[in-house]
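Here the structure comes first, spelled out in structure tokens, and everything after it is commentary.
None of the figures in this text is laboratory data; all of them are computed from the coordinates on show. None of the values given here were measured: they were computed from a predicted structure. Cβ sites come from the backbone with ideal geometry, for glycine too, and all protein chains shown count toward neighbours.
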Amino acid sequence: MLGDINAALIKVLKVAGYRERSYFPVPSGFVLVTKLEAINADGSAKPDVESLPVGHHFALSSMLDKLVHVQKGWYRVVAFVVTSTPTGASTQPPTEDEATNWLDTGDNALPDAISRAQISGHTCTAYIYEFEKSDISPDAHLMYPSSPDSTSHLAKMGFAEVLQ
């Protein structure tokens, strides 16, 4: 069941210190989104006190607004997409409006109907959205492509064993 995939993701995230998350339905699955966090240049998380809290509803637009008031550095949010529907890669990163539309209505738990759905050709793809805040601009900018790469980000988040 999809709830088993969710439980496996939560287990790794909890061990790595990720407690806050939001869920969004997608065709034939769900998206689990981590909180926006401050990271080091190598993709490792900074201490939790330097990360940005997210409430019950996650909105990328409000997270970007918060970045205006934080120190320079790197920040990321990760969306784990679990679906049997091909997601395809895009050559263009999402716009702020597109991402906001995806994330404005997140739930704090995976809905039971999705959790009980059977697994049938499902995959889990991690989309890592990395932002940089500099001294030069008051705005945070989406880093596309991300550096380090997604495998390095996931390994630094505690998914090294899962990636092997």
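Could you sort out which of LYS11/LYS156; LYS14/LYS72; LYS14/LYS46; LYS46/LYS133; LYS35/LYS156 sit more than 18 Å apart by Cα distance in this structure?
On the way: LYS11/LYS156 15 Å; LYS14/LYS72 27 Å; LYS14/LYS46 16 Å; LYS46/LYS133 15 Å; LYS35/LYS156 15 Å.
Pairs exceeding 18 Å: LYS14/LYS72.
The label-point distance for THR87 and LYS11, in a model that sets each label 7 Å from Cα toward Cβ, rounds to 2.1 nm. Note on ASP4 and SER147: with the Förster distance fixed at 41 Å, the Cβ-Cβ geometry gives a FRET efficiency of about 0.80.
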